[in-house]
Every structure is written in structure tokens, then in C-alpha cells.
Amino acid sequence: MKLSKQQSAKGKQGALMDTKWIKAIGVVLITVGALALIVGRTSFRTRQEVITIGPYQTPLETRRVVSLHPFGLLSILGGLILIVGGKRAQILRRPRL
């Protein structure tokens, strides 16, 4: 079954749009990863009621620190894979002359 020129042109255009979206997502991942590497870490506090004796309560606040470096490195790596993979898919989808 052969496709008409119009149908094959639509397929090529759709494939190019897909690779553009993949590249855009890759750029966003690289940007988020770079931001995570710049910030480095984030912290938050948790509050727990430890001891309750009558009307007295002793709260315990703990501060948690989360490192963002692994997340930043993984998102940069994922973005690079998407960009390189998008270029490779575009090369593989080139029409043969």
C-alpha cells in the first residue's frame, strides 16, 4: 500500500513536530538540572509532639536538608539524551532520494 504525497508529507511534518517537542523537553530538563546544581540543596522542617503531660506539650522540630545534586545531574543527563535522541531520530527519518 503506497501513501500519496500529501499523506507522506503529513507524516514527515508530524515526525518533525515530535522531534521538536522532544528537543524542547530536553532543553527544559537541562535548565531545571542546572538550576538544581546552582541551588545545591533545600531544607524543610517537621514538627512532632513528643511528650504530652497534662497541659504541657513538648514539641520537637527537626530540620531536614535534601541535596539536589543527584536530581540535577540526572535531569541534565536525561535532557542530553533527549536532545541527542531527537537529532538521531530526525536523521533516521530523513527521506531517501
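The values are calculated or read from the model by the stated rules, or taken from the named source; none is laboratory data. These numbers were taken from a predicted model, which means no experiment stands behind them. FYI the Cβ positions are ideal-geometry reconstructions off the backbone, even for glycines, and counts take in every protein chain you see.
Observations on the structure shown:
- Contact map, the stretch 29-53: residues that are without any contact (Cβ under 8 Å) to a residue 60 or more places away in the chain and within 19 Å of residue 67 (Cβ to Cβ) paired with residues that are in a loop (DSSP other than H, G, I, E, B) and not β-branched (Val, Ile, Thr), Cβ distance under 9 Å, separation 6+ or inter-chain. Pairs shown: 35/68; 36/68; 37/68; 39/68; 40/68; 41/68; 42/68.
- Single residue of the stretch 26-63 satisfying the filter (of a type outside the set (A, V, I, L, M) and under 26 Å from residue 84 (Cα atoms)) that is surrounded by the fewest Cβ atoms within 10 Å (Cβ to Cβ): 31
- For beta carbons closer than 9 Å, sequence separation of 6+ or different chains, a first residue in the stretch 65-92 that is assigned to a helix (DSSP H, G or I) and a second that is of a type in the set (Asp, Glu) and at pLDDT below 90, the qualifying pairs are 86/18; 89/18.
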